[in-house]
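Each remark here refers to the structure printed beneath this line.
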Amino acid sequence: MPRLARLDAPGVLHHGMGRSLERTEIFLSGTDRNDFISRLAELAEDQSMAIYAWALLPNHFHLLCKNPETAVVIQYA
């Protein structure tokens, strides 16, 4: 079962990660890796996300990032 959404507040650092199924490689070529990096760069350049660190491994990736503008308010009944 997937995890519930987490609170996102302006200025909070997040550790994001993505994994493949059954330890298969997520980047099939250097072109795939470069495309992923280019997309991260676009997010950073248009200030949608501040990226502090990233690591690309064969079957998963890690990001340390901050969303400077979004604030999600969770109300409990």
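The values are calculated or read from the model by the stated rules, or taken from the named source; none is laboratory data. Note that the structure is predicted; figures quoted are calculated from it, not measured. Positions of Cβ are generated from backbone atoms using ideal geometry, with glycine treated the same way; all protein chains shown enter the neighbour counts.
Residues in segment 30-44 include none that are modelled with pLDDT of 90 or more, part of a loop (DSSP other than H, G, I, E, B) and among the hydroxyl-bearing types (Ser, Thr, Tyr). Give me a count of the residues in segment 48-68 that are part of a loop (DSSP other than H, G, I, E, B) and more than 20 Å from Arg19 (Cα to Cα). Selection size over segment 48-68: 4. Ala50 falls short on exactly one of the conditions (1) over 24 Å from Lys66 (Cβ atoms); (2) modelled with pLDDT under 90; (3) among the aliphatic types (A, V, I, L, M), and that condition is (1).
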